[in-house]
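What follows draws every value from the coordinates through simple rules; no lab data is involved. Owing to the predicted nature of the structure, the values given are computational and were not obtained by experimental measurement. Here the Cβ positions follow ideal geometry from the backbone for every residue, glycine too, while neighbour counts run over all protein chains shown.
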Amino acid sequence: VAERTDCVFCRIARGEAPAHVVAESPLSLALLDVQPLAEGHCLVIPRRHEVWWHDLTAEETTDLFGLARRVARRIKRAYAPDFVATYARGRRIPHVHLFLVPSFAGDPLDRHFNALEGWQEGARALVALADPARRAEVAGRLRAEPDEGAP
Ligand SMILES: [Zn+2]
């Protein structure tokens, strides 16, 4: 994919749009997110336009994650978070960007991931309930319960 003039990250990589760059490597840049989830929230982007990180070359991937590692360590030292949450999405800007977000217990990101874990566990419990043997067990339990106050 060629660099694109309508892509803000391509424009930043070419030095044509402003950004608070915190670290650089030959093939990647790390910059502050303009709408941070927390102080110190950084994005790590490849200089070349690509939508999915797994479509980068092996060299670009190594460079991107190497820079992400350097910056995550800086965030850890600077803010002493419980975690530096790291993920790749790109729904709003279709140019690879890794999120590096310092996260503390109870903050929105922590609550978000806790909610996802709760949903995962909940979904597993629901799937188990669809199993015929498990349904028979549940039905047996309810049949065995006495009717309260029945005549
Ligand atoms: Zn781009």
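For the reader, a short list of remarks on this structure follows.
- Boolean, Tyr79 is hydroxyl-bearing (Ser, Thr, Tyr) and either exposed (fewer than 13 other Cβ atoms within 10 Å of the Cβ) or out of contact with any strand residue (DSSP E or B) (no Cβ under 6 Å at 6 or more places or on another chain) (or both): no
- Index of the failed condition, Arg70 passing every other in (1) over 21 Å from Cys10 (Cβ atoms); (2) in contact with a His (Cβ under 8 Å, 6 or more places away or on another chain); (3) not acidic (Asp, Glu): (2)
- In the range 23-37, of all residues being under 18 Å from the mean Cα position of the chain (by Cα) and of a type outside the set (A, V, I, L, M, F, W, C), the one that is farthest from the ligand (Cβ to nearest atom) corresponds to Pro36.
- Across the range 83-141, the qualifying residues are those that are assigned to a helix (DSSP H, G or I) and in contact with a helix residue (DSSP H, G or I) (Cβ under 6 Å, 6 or more places away or on another chain), and the one among them that is nearest to the ligand (Cβ to nearest atom) is Ala128.
- Scanning the range 43-59 for residues that are of a type in the set (D, E, K, R) and away from the ligand (no atom under 13 Å from the Cβ) yields a count of 1.
- Just one of the listed residues (Gly40, Gly66) is in a helix (DSSP H, G or I), surrounded by 12 or more Cβ atoms within 10 Å (Cβ to Cβ) and either more than 16 Å from the ligand (Cβ to nearest atom) or among the aromatic types (Phe, Trp, Tyr) (or both), and it is Gly66.
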